[in-house]
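*Asks:* Pasting a structure here, questions to come.
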Amino acid sequence: MSNNKKYILCLETATTNCSVALSFGGKQVAIKEDYDVKYSHAERLHIYIEEVLAFAKISKNDLSAIAISKGPGSYTGLRIGVSAAKGLCFALDIPLISIPTLDALALQATPSKGDLIIPMLDARRMEVYSAVYDTSFKQIRKTQAQVLTEESFTSFLNDGVVHFIGNGVEKFAAVCKHANARFISGKLPSAKELCDIAWAKFENQNFEDVAYFEPYYLKDFIAGKPKKK
């Protein structure tokens, strides 16, 4: 694709981490994120976008594309991120790139040859969204919503070391005692892992239809019961 502008703005809002990264030619040049335990996307996302652009001394008109973490994850977080991304794409007339959230999260693990990686995001109660990747970060089991038990992922664990990563890890660590399980705590999806993937998709012109693109919720939204006054 002929474009002398190589800046891509990457947005990650699938969990409580409100994360914005700016890349140039696939390399991260700026990042702003918030690992708060509460969702702050509505208040902070656009502020973080302005801050990373200011840090790089560029304007929105210098952007080549917007990349968004597509889910699964928080319904509200994904909706806010995708709405912001689509709005920027419409306003700037630039393409939209989507990246599966678990693909990017898996990149935070550092497995040894032959190991597996299972990123898992907290859903509800003992449920998580997860997928399975090999050491080349190729997905070998599709993304699923599943209820965790002590028998979960046994077929993979019996074959070798498995690295579990994401905010669903604590749930599984409480019930899984398998010797091959490795738990990576304190990790959330971040926009920094979107940079390289987004650049590859940009060069291949692998874009979404901005008008019709929707987040990958995986499950229907279930509203919580209102608290009694």
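Here, each number is a calculation from the coordinates, and none is a lab measurement. Since we're looking at a predicted model, the values are computed, not measured. Every residue, glycine among them, receives a Cβ derived from its backbone with ideal geometry; neighbour counts consider all protein chains shown.
*Asks:* About its Cα centre, how strong a charge dipole does the chain have in debye, to the nearest 20, once Lys and Arg get +1 and Asp and Glu get -1 at the Cβ?
*Replies:* Working: 28 positive and 25 negative charges, 108 e Å.
In debye, rounded to 20, the chain gives about 520.
*Asks:* Using a Förster distance of 41 angstrom, determine the FRET efficiency expected from the C-beta separation of N204 and K177, and round it to 0.05.
*Replies:* On the way: r = 43 Å, r/R0 = 1.05.
Given R0 = 41 Å and the Cβ-Cβ separation, E is 0.40.
*Asks:* Also: When Lys and Arg each count +1 and Asp and Glu each count -1, what net charge do the other residues less than 13 Å away from C18, Cβ to Cβ, add up to?
*Replies:* Working: positive: K32, K38, R44; negative: E12, E33, D34, D36, E43, E51.
Summing Lys/Arg as +1 and Asp/Glu as -1 gives -3.
*Asks:* Once the cut-off is 18 Å, how many percent of the Cα-Cα pairs in the range 128-197 end up in the long-distance tail? Mind dumping the intermediate values first?
*Replies:* Numbers: 961 of 2415 pairs.
Value for the range 128-197 (Cα pairs over 18 Å): 40 percent.
*Asks:* Any idea which of G81, A67, L53 is furthest toward the positive side of the dipole for the range 51-94, if Lys and Arg beta-carbons carry +1 and Asp and Glu beta-carbons -1?
*Replies:* Looking along the dipole axis, the top candidate is G81.
*Asks:* Any idea what the dipole of the range 1-130 comes to, in debye rounded to 20, about its Cα centre with Lys/Arg Cβ at +1 and Asp/Glu Cβ at -1? List each step's numbers first, then the result.
*Replies:* Details: 14 positive and 13 negative charges, 46 e Å.
My answer is approximately 220 debye.
*Asks:* Okay, moving on. Throw me the Rg/Rh for the range 1-105, computed over C-alpha atoms with Kirkwood Rh, two decimals. Could the numbers behind the result be given before it?
*Replies:* Working: Rg = 12.8 Å, Rh = 13.6 Å.
Ratio value, two decimals: 0.94.
*Asks:* For a quick protection proxy, order the peptides 106-118, 135-147 by their average other-Cβ count within 10 Å, most packed first. Don't skip to the answer; put the middle values down first.
*Replies:* Numbers: 106-118: 18.2, 135-147: 12.9.
Result, highest mean first: 106-118, 135-147.
*Asks:* Restricting the calculation to Cα positions, tell me the Rg (one decimal) and the Dmax (whole number) of the chain in Å.
*Replies:* 17.9, 59
*Asks:* With a 10 Å Cβ neighbour count serving as the proxy for reagent exposure, in which order, fewest first, do L45, L105 appear?
*Replies:* Values: L45 23, L105 28.
Listed from fewest to most nearby Cβ atoms, that is L45, L105.
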